[in-house]
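Just so it is clear, none of the values below were taken in a lab; they were calculated from the coordinates. All values derive from a computational prediction rather than experimental measurement. Reconstructed Cβ throughout: ideal geometry from the backbone, glycine too, with neighbour counts over all protein chains shown.
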Amino acid sequence: MLTILDEVPGEIYAIIFELTISSERQSSFRIDYEGAETVNTRSLIAISHVCSRWRAIALSTPSLWTRCDTVNRPKLRGFLDRARHAPLSLVLTWGFASSNVDRCRNLMVSRSTRLRRLDIVLRNAAYGDINEVLHFSAPALECLVISQQDQLTVFYPYIRKPQGMKRMRALALAPLAYCMPQGPFPYLAHLYLSFEYDWRGRSAHLLVSLLTGSPALQYLHLSRLHPFAPPLLDINIPLTRLKLLSITNDSDFSSATSLLGCLSLPQTVPIRLDCHANHYFVGTSNLLHIPQLNGESGPSRLDVGFGFKALSLFAEGDKLPSPVWVQAHYDDRDRFIWDNWLTSFATTHFFPSVLRSRLYIDSASSEAFIKLLHRLPYVAELELLLYLNSDVIQYGAAAICALGRICRALSTESTILCPDLRTVRVQIITATPSSTAYVGDLKRMLRARTRLEVPIWSLAVQVIDVASIDKSELESGRSTGVNHVSRDGDAEKTGAYAQSLSETYVDELGPLVCDFQFYAPEGKVFPPRVDIDASWRMEGSEDYWALPEHDLPVLKFPWVN
């Protein structure tokens with residue numbers, strides 16, 4: 001007896017089967033493999049065993065059988081036969097059983113003209129020269145991924161010069177050991193290099209050679225870039241087709257900025273740096289090499305944060321949709337270096353196109369931010385987030401100092417700072433939220449700017465008791481929220497206290513501006529910081545592999561949400 005399913009054409013079933021296995025297949029396009037099975041084929045096997053008709057349709061659809069690993073040689077042979085003449089995508093797992101690798105390699109080489117993608121997964125420590133495995137011609141190969149699963153030291157040379165693989169569009173090596181692949185690769189568009197395991201910095205010129213020989217690069221990702229010795233100087237690498245540049249996973253800040261100085265990039269390239277700086281870093285303003293940070297067509301938004309052993313900078317522009325995102329982490333003993341760096345950055349760059357700025361200021365860095373405000377002549381919207389993280393936290397002195405300095409700078413008559421400034425939002429995290437000093441600083445600033453005919457029209461203030469946040473979360477690099485704090489265990493008194501504080505700010509500051517808002521500690525006075533997914537998960541950047549977790553764009557600069 002026929003059912004409605006029997007009337008569905010085989011071509012429709014083939015499309016359904018393709019869509020069914022697509023997610024499983026896509027999950028195997030990665031750099032970091034875990035477990036013994038690298039390609040999940042359970043759904044495909046299940047489909048081909050439902051009934052004789054489904055099996056016949058599946059076996060007659062070559063595209064279903066093109067992705068397979070080499071763990072099971074009979075299974076591999078079956079997949080290769082069923083794929084017929086379709087392009088192949090294979091995963092070669094290489095461990096202690098070298099004889100099995102040789103047999104699978106021979107089977108793979110016999111069909112090398114159809115090979116479009118090859119993933120080599122290295123396991124354990126008993127490897128030979130990987131160049132021997134790659135010593136065959138694969139004229140149609142588009143993607144080559146070589147990754148090591150086990151956290152062991154690598155002593156063998158990596159790929160040197162692939163034979164007959166010059167049309168590659170995507171290359172990923174994780175980790176990169178002592179040798180750099182030699183090009184040229186005129187068609188290479190995607191390049192991922194991880195320097196996870198003691199890469200020799202003296203071979204930096206090999207990295208330069210690889211990039212120079214890859215003029216068609218569109219997506220460049222370097223993970224854990226090690227220090228260069230000596231730094232790269234007087235080198236020009238034109239990458240005119242680049243669409244995205246990422247240097248991540250605690251890469252060396254000095255090396256990252258040194259490399260940036262060698263690259264000739266379009267101004268439309270988003271740049272993301274997630275770096276670490278040790279005490280050997282002796283830089284000043286190496287970010288001059290980033291084209292988006294300079295010129296009249298630069299960013300319209302600039303966010304800068306300093307504290308919690310980290311520096312964060314985010315810039316984007318309406319005219320040039322090419323954001324810059326820099327995160328740098330440092331040790332406590334290196335803070336003075338970063339104080340000098342931030343001051344140098346503030347006095348070296350000029351941002352005539354910035355209209356919106358958000359400054360995250362801790363208890364010891366307000367002076368550099370005042371210098372930065374001098375470089376924002378047309379900023380119209382300013383957000384100040386002030387936090388105490390020093391020993392004077394119990395007195396609230398540092399927040400008063402930071403807010404007082406900035407308010408005085410904005411009130412100076414001799415040199416009117418930020419004359420176009422009309423909107424100000426202030427968040428103060430302090431141990432003394434009831435202090436009237438905050439009100440006094442803001443009040444004097446508002447009156448002074450009105451007298452100077454550069455008034456503030458809109459003001460929002462939020463005062464948070466430092467006891468209501470989890471400081472351990474901030475110190476560990478994570479953002480935290482505000483907890484409701486009960487004063488003397490009396491919720492009614494707490495509510496009355498908050499109401500009294502709100503009335504004080506409204507009465508003192510409200511008449512001085514057109515629009516005034518006082519936000520409760522748990523309120524949302526500020527818009528979201530950075531739309532990470534929209535800015536950095538660029539379409540096309542992960543066509544050949546998904547990024548490992550440690551390379552994903554995650555805002556690591558903590559603050560109170």
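THR412: net charge of surrounding residues, Cβ under 15 Å, Lys/Arg +1, Asp/Glu -1, itself excluded?
On the way: positive: LYS371, ARG405, ARG408, ARG444, ARG447, ARG449, ARG451; negative: GLU367, GLU413, ASP441, GLU453.
That works out to +3.
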Open item on the list: Taking amide H atoms as placed 1.01 Å from N in the peptide plane, list the residues 5 or more away in sequence, or in a different chain, whose amide H sits under 5 Å from that of HIS276.
Closed with: SER251, ASP252, PHE253, HIS329
Task: Too-long pairs where the Cα-Cα distance tops 23 Å, listed order kept, from LYS443/LYS471; LYS309/LYS471; LYS371/LYS524; LYS471/LYS556 - done: LYS443/LYS471; LYS371/LYS524
Task: Those GluC sites (Glu not before Pro) in the stretch 412-473 that DSSP places in a loop and that have at most 14 other beta carbons within 10 Å - done: GLU413, GLU453
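Counting only other residues whose beta carbon sits under 15 Å from that of TYR519, what net charge do I get with K and R as +1, D and E as -1?
That works out to -3.
Quick one: length gained pulling ARG444 to GLU413 fully straight, 0.36 nm per residue minus the C-alpha distance?
Numbers: separation 31, 0.36 × 31 = 11.16 nm, distance 1.27 nm.
Using 0.36 nm per residue and subtracting the Cα-Cα distance, I get 9.9 nm.
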Task: Phi-based couplings in Hz for the stretch 442-452 (Karplus 6.51, -1.76, 1.60; Gly and Pro marked x) - done: 5, 5, 5, 5, 5, 5, 5, 5, 5, 5, 7
Open item on the list: Give me the one-decimal nm value for the distance between modelled label points at ASN236 and GLU132, 7 Å along each residue's Cα-to-Cβ direction.
Closed with: 4.5 nm
